[in-house]
Each structure stands twice: as structure tokens, then as C-alpha cells.
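Okay, structure first, notes after.
The values are calculated or read from the model by the stated rules, or taken from the named source; none is laboratory data. Predicted model, so just to flag it, every value in this text is computed and none were measured. Cβ: placed from backbone, ideal geometry, glycine included. Neighbour counts: every protein chain shown. Accessible surface areas use protein heavy atoms only, side chains included; no ligands, DNA or RNA. Shrake-Rupley method; radii C 1.70, N 1.55, O 1.52, S 1.80 Å.
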Amino acid sequence: MGLDKYWEPQKYEKDLYRKWEESGAFIADAQSEREPFVISMPPPNATGTLHTGHAVMLAIEDCMSRWRRMAGDEVLWLPGTDHAAIATESVVIKNLQAEGMANPRAELGREELVSRIADYVAESRDTIRKQIRAIGSSCDWSRERYTMDPQLNRCVNAVFARMFRDGLIYRGPRIVNWDPHLQTTVSDDEIYYEDRQAKFYTIKYGPFLVATSRPETKLGDTAIAVHPSDERYQEHIGKTYEIEWPKGPTISVKVVADPHVDPEMGTGALGVTPAHSHADFDIAQRHDLPLVEVIGEDGRMTGAAGEHYAGMTIEECREAFAGELEKAGLLEKVEPYTQKVSLCYRSKKPVEPLPKDQWFIAVDRPAVPWKGQKQTLKQVLRDAVQSGMIRILPEHEEKVYFHWIDNLRDWCISRQIWWGHRIPVYYRGDEDMYVGHRAPEGDGWHQDPDTLDTWFSSALWTWSTLVDPELAADPDVSLDQLLRQSPDFQKFHPTSVMETGYDILFFWVARMILMTTYATGQVPFKTVYLHGLILDKDGDKMSKSKPETAVDPLEVIEERGADVLRLSMMLGNAPGVDLKLTPERMTGCQRLITKLWNASKLIDASIGRIVGDDRSELKIPQGAEHPINQWMLARIRKLVSYADRRFEAYAFGDAAEQIRQSFWGELCDFYLEAIKVAPLSEKKETAEVLAYALRTYLKLFHPFMPYVTEYLWGELVGDGELLIASPWPEVVSEHDYELEAVDTVERLVAAVRGIRAEQGLEPGAQIDLQIQSLAHDDTFRACEAIIARLVRAEQLEWVDADPSDDAGASVAVDPAFKAAVRLGRADIEAEKARLQKQLEQTEKRLVGLEKQLANENFINRAKPEAVANVRKNHEEATATLESVKERLASLD
């Protein structure tokens, strides 16, 4: 049965995926002696749906996995999902509130709310699984993991306990980023900044002038800080002043000299609010200053701000306090100011620096055994990349990575929510505290109510997913024993590549390096591949707020097929480079798939004409006699070699583009047309070359568009073998033929076709062609019939004299040939008629344009760009008219 007229992805994709899965092709063997190639899939939210960021990640990772699997590696692409603590809890609480429950936490209690969230996740996870499958992901579903799996929870608790024992985890008062909307802390890396128009207030502050953009925090100041060498304030250093604020408290502030104060900033005198600023908290620590909290967890002013201001929002208090300062004559001036406002990337609401007792990871404490020394986590983070153990692509992101390390503060890892890994710390009374991966024995213990930052558990992803679940269930097995006795960890760690978006380099990638080097003594991966953002046609990040330009990958898969989506995201893609995903781009990729489909049908039919239905004797050709067949084999050899190099360099988009160009230009436009001419069309070696070309191009295309290539392989090539399990093409040394001779033939054909296109000749129009051969004469003459067919030459003549002397001909000049093109006699009259019609139409158009330009009313009233457009059209029409006249004259 022959192929359908068109490739219909909706008809075949699900069945093809089922065949792959049932064949066991996705499953990795931990006992294999093959070289491992491992990717830990960045886990999407268990309750999420596939977006373009996921889609490009899956396309790139599947491309890598299919390539290395075909290249002979033992490939493990481990899938999984993330519990997404804050986001998931927020969604469930909103759903319960929509159902009429005013305060789900209070009404349900912790145990019941967590149970309902777990049920919601369990119901939702199947959605993202189906969507990951739909794009063609060849991941090992038998090893699917979830960040709340029992064995992962065991690893989380064990690492926490070890870090606590090593002095790397501590609890203490620190300024944290508090989200009043979500009612929890957020890490530094979960914050983004937005410029907003604000006011800069200069306040009379006792004997000082103090400038601030947040006057409401001055209600909680406990010091004035100045630079030690600032001569303006020398007499005040060490003194204490009582400041009575209008309708507010009377505060006591000590003047301290601190080298971190910038004397050029504002007035050089800094009001220190230790409870509401990271920088001020550090000053307070250095000078043993008290903390006064005037902003509460609800984002409103506390009683410490004074009875008049208590209960106001921050914005309300700012306006009210500034007004009272002005009335009291204490407001020196107010200036417009662009303020960087810190926002939580999850809630999109402002975060507030607040002092809280939280759990932290110390990044500057030398407690990590690394390369024979005790080093800090920051030192290990730097060394892992600087020493070359981990390579980051693109390389310029390494500078960003090192800059992040240089500015890294202790990581706040506790969150005030209920969904997530609960902190494995237990208390009994005021004295007893227990930290460990299992609950303590005895009565009276209660667990710390906070949960861990989602990034804490995600940071263990590359190795916690590889531990043996049964071993992890035994609390008597230590973490070291668990790693030594887990076959998957021993075989597949460190992983090979971490592929993810450059926008979460610090959220996740750096934290995986931090936690994995500490817990296992290994780096988590050898290469970090950071893909760029997927943008809309306007160059903006895809957003639901712009539905007219946003691309829904699931809709693309349903309407055009997964291969179109994948190829659109891979062609020309490069690490760290943003890519525009437009309907036009997808249409172009759809045309390529159609071209592959039609070319495969043509190759199959051509082979059938030469050898019939029995193709058992068609082997990989070790050589060829005809120069065109030799050329095709050499071209494929060169392509495979190039693709290997680009794949090894992780330049997948470049490899895809080169494969596309070779397939379309060398195979389809030239070779498949050339073999229609005898004697090539009758040679068995041609059938062998065709079969080899089809197999090779299907293999090379497979990592980029697996569905259509697998189907074509099964129908035309496979003999029961799946393409996903077939070996990657090899560079055949016997195919190292000289390319130049036939390259000149290809250039000649392209040049003549170019002349035809420039002259606007009808596709069926015959030409007369004169060729002066300047090199490779034997090859030119051997290919005479092929050249004539490809350029539609009615007469082809070899000449010794320079054909460019023919004034009536269009000439192509090349170091290897000169070629003169004239229309065939039978087509001259038809071409004259076509040109005459074009001449009349152009003259008519010019008359209309000249009337517009002569119309003063139009010139004076129309928009300047409209007038300019008419003038431009007039110039183009004039040029066209002259060109058509010249072409007509050349035909006489």
C-alpha cells in the first residue's frame, strides 16, 4: 500500500508514540556497559499546562536524547513534575474560596488542607504527562519522579539534617523578603524589579537633613549613619538624639560612623531602619542597634508606628506622614524620583523587608569537603565552573553566573505555607530540639510548622531521582549508603546535560550545583545548555495578555502536528538566543515536512522502477561509477560529518538548518531531478544511492521531527526495525569523492535557473543554451542530458568561443564555465506576448500614479507617508517599464 497523498499527523502520532513506548526504546538499562547519556527533565508544575517554554525545552532535550540513543549511548531522560509549593497552595485556596469557604486554612486545618492539595495535584498531573507525550518526548516513564515522592522527601530531610550538623543550616533573625499577599518569605532570586515613579523626600531630622523615598519607615529608625571621614558630621558621631515625629512616636537615634555609607548619596546622613532594610540590618548588626518593626506581615503599619498611623497601609501612611511633616515644617523638599520596586515573581506584588526568625543556608562558612579542603559553598560554586567540571552554554553566561556568586547572601530556605516538604526539625518544650530524617521517639514533640523553599528540593533533582525507592524507605540506611547502593545513581550520575531556560540560571541551576556538590561530592551535570526565550512576532515574550500573537503549543500540535512545532523551535536555534515563533515560520516548517513526504514517495517510486519490489539486495553503496552518484554520496558524507560536529558542539539549530539545505537543494532540487535522465534512471547503483540517501536523511531529521520520519521509515525502509532504535549515520570513508566537478554542474544549473527567474520566464518555456566549458569538460559533457532537463533547454550547444559576445543573450559567468541563455524559437512569440501585456499594464499603472502626483489636493492633504509611498511606486513602475522594453527589444 502506498503512502497517503499528504502527511496527516493527527492520524498517526498517537499510534507511533505508543509503538515507541511499547518497544522499550525509552527505558534505560542501569546494567548496560554503554556510555551513559543522562538528562534530568526540568520538572514542570504538576498542576500546569504545556507552554512554549516547556515546548522548546522538550524539543531540545528530545533531540539530544534521540541523537545519543542512535549514536549508541545508554540514554536516560528522566521525566518528572514539581509540587510548586506556593503556586499550588495558592490555586487550591482560591478554588476553595470560590466554592464559599472564607478561610480554608482556619476551617480545614493543616492536615485536611494538605490532603486536598495532594488530591488536586494527583488529578492534575495526568494532564501535563499527556502533553509531554504529545510533543514526542522519548523519556523513560518507568522512572518518572515527583518532587514530593517519599524517596525524594527522604533525601530532602537527610540533606537538611547533614547541613544542620555541619553548621551550614541555622535559624536566626534576619531581614527576609516578605510577600504580604502570599503571606510567606520569598528568596532573593524570586524577586524582580520594576521602575516606578515615586517621590524623594528630604526631611529635617533633628540637626540633620535625611533623604528617603520611604518616609514611613523613619517612624522605626534607631540610628543615623554617616561615613567616618565625612567632616560635616564629625561632632555628632557617638551622640544620641530624641526625635519627636508629628502624630507619631518619639524615637531615639544614635549617630554611628559606618564605612558603607555613601557620603555623596542624598545628604550623606542615612536614617537607619534595621527592621525594614537589608542594608540597614547589616549596619545594625555591626553597631548593635535595636530593631523596631513598624510594618507588619499584613503590609500595614504596626502600633510601634504610633496610634495615628497604626493600621494604615504603607502607601496611606506615606502620604499621611509626609503631610504631617509638611505641616510641622519638617519637610525640606520633595523631588520626583524613579524608584526600583521589588516584586515577587509569583504574586507580582511588592515584597517588604521584614525581620523574622527563619532557616538559612550559610554560603560563606568553610564546611564543605571539596578537593581535599574545607571550602565554603560559594567557593565550591565558583570552582565547579571555573575548573571546567561544568561548562555553561552560551559561554557568556558564565560571567553572569560568577557575578551572582559574588553577590550571593545566605539563602533563606523556610516558607510560611503548608504545602511542601516540612522542615525536619522537632521541638519539645523550650529546650529540646531534634533534627533528622525521621521523627524522634517519645511524647511531646511537635514539628516546625514551616516548609522548605521549593528550590531546596528541586536543587537535589539530578540525584534524588536516581536513588533506590526501596532503600530510601529504610530509615536505617544512611545517605551515603543510599547513594552507594542505588544502581541508577552509580550508573547515571553525574548527568550529562542540564537543559533549561537562561532565565532560571540562578533560581535552579546554581542551586543544583550548590546542593549536589555538598551532598554527593559530584557535580550534578557536565554541561548546562541554556535556551533562549520564545518570543512572539513582535519580539515580545509570549503572554496570555496578547492572545493575538501568543502561540499555544497544544493548538499547534492539534492543528499542524508535533513535528511542525518542534522544527519551528529548532531550526536556527542556538544556546541563549531568543527566537521568534510566528505562523509564517511554522508554515515554512510544514512545507519542509511536505517536501520530505513527497521526496520519499518519489525515491520509493524511482527505486521501484529500477529494481522492482525486491529490495533485499540494496546495500549501502561502497562506491559508484557515475559522477552524479559519486557526488551525491560525497555530499551525504560531508553532511553527516558536519552534522556530527555541530551536534557535538550542541549547535542543534545550525545542524538542522544545514540538513534542511542539503535535503532541499542537493537532494531534491538537483539529484532527484538528475536521476530522471537516462542512463542514471536505469542504473542499479542509482537505486542503491537513492535508498541510502533516504535512510540517511530520515535518520538525520529524526531528532528534529520524529513522527513523520518514523512513519516513513516504517513504510519505506525499516523491515520491522524502528527508526528510534536504528544506528546514527556513519561517515563512509569510501564516499570521499571529488566534489568540484559536479559542483560546477550544480552551479551552472542554479545560474541558468536564476536567469530564467530574473527574466520571469514561464516554467514550461524552453530555452537555447550555449556553454563554454573552462574546466571539468568531461563531467559537463557526461551530464549534458541532465543539464538540458534541469534548465529546460530545447537546444544545448558546446562552444569554444566566448558566448557572452551574443548581444541578445543573458550570460552567466563562472570560473568553470560561461553560459548564454536565449529563449527557444517556439517560445519567443509567447514571451513577447506576455511582455507586451505586462508593458501595457505597467503603462496604465504609471498614468494613474502620475495623475495622483499631479493632484495638488492630494499632495497638500494626504499624509506625508502616503505621498512618499505613491512616489516610490511611481519610481518602481518606471524602472519596470524600462526593463520590459529592454527585454522586448532583445527578443527582436
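A few comments on the model shown:
- Of all accessible heavy-atom area on the chain, the percent that carbon and sulfur account for (1.4 Å): 47 percent
- Per-peptide average of other Cβ atoms within 10 Å, ordering 571-582, 712-723 highest first: 571-582, 712-723
- Cut-off under 5 Å, modelled amide H: who pairs with Q375 long-range: A367, V368, W370
- Rounded to whole Å, sorted largest first: equivalent-ellipsoid semi-axes of region 81-195, Cα gyration tensor: 27, 24, 17
- For region 638-783: rounded, prolate or oblate by the Cα gyration tensor [a/c cutoff 1.5]: prolate
- Peptides 276-283, 863-870, 730-737 ranked from most to least packed, by the mean per-residue count of other Cβ atoms within 10 Å: 276-283, 730-737, 863-870.
- Put simply, region 489-551 fits an ellipsoid with semi-axes of 34, 11, 8 Å; these come from the alpha carbon gyration tensor as the roots of five times its eigenvalues, largest first.
- With an a/c value of 1.5 or above and a/b larger than b/c for the gyration tensor axes a ≥ b ≥ c computed over the alpha-carbon atoms, region 169-266 is described as prolate.
- For region 578-622 versus region 490-516, the spacing of their alpha-carbon centroids is 38 Å.
- Viscosity 1.002 mPa s, 20 °C: Kirkwood-radius Stokes-Einstein D of region 405-466 over Cα pairs, µm²/s: 158 µm²/s
- Region 1-77 versus region 844-892: alpha-carbon centroid distance in Å: 56 Å
- Pairs from the list K130/K541; K638/K676; K19/K595; K349/K378; K399/K537; K863/K885 with a Cα-Cα gap above 28 Å: K349/K378; K399/K537; K863/K885.
- Global form of region 1-85, assessed from the alpha-carbon gyration tensor, a/c cut-off 1.5: oblate
- Per residue solvent-accessible surface (Å²) - the chain, probe of 1.4 Å: 44 Å²
- Cα centroid separation, region 375-432 to region 771-811 (Å): 70 Å
- The peptide list 772-785, 127-140, put in order of mean Cβ contacts within 10 Å with the highest first, becomes 127-140, 772-785.
- Counting only protein heavy atoms and using a 1.4 Å probe, the accessible area of Y426 comes to about 30 Å².
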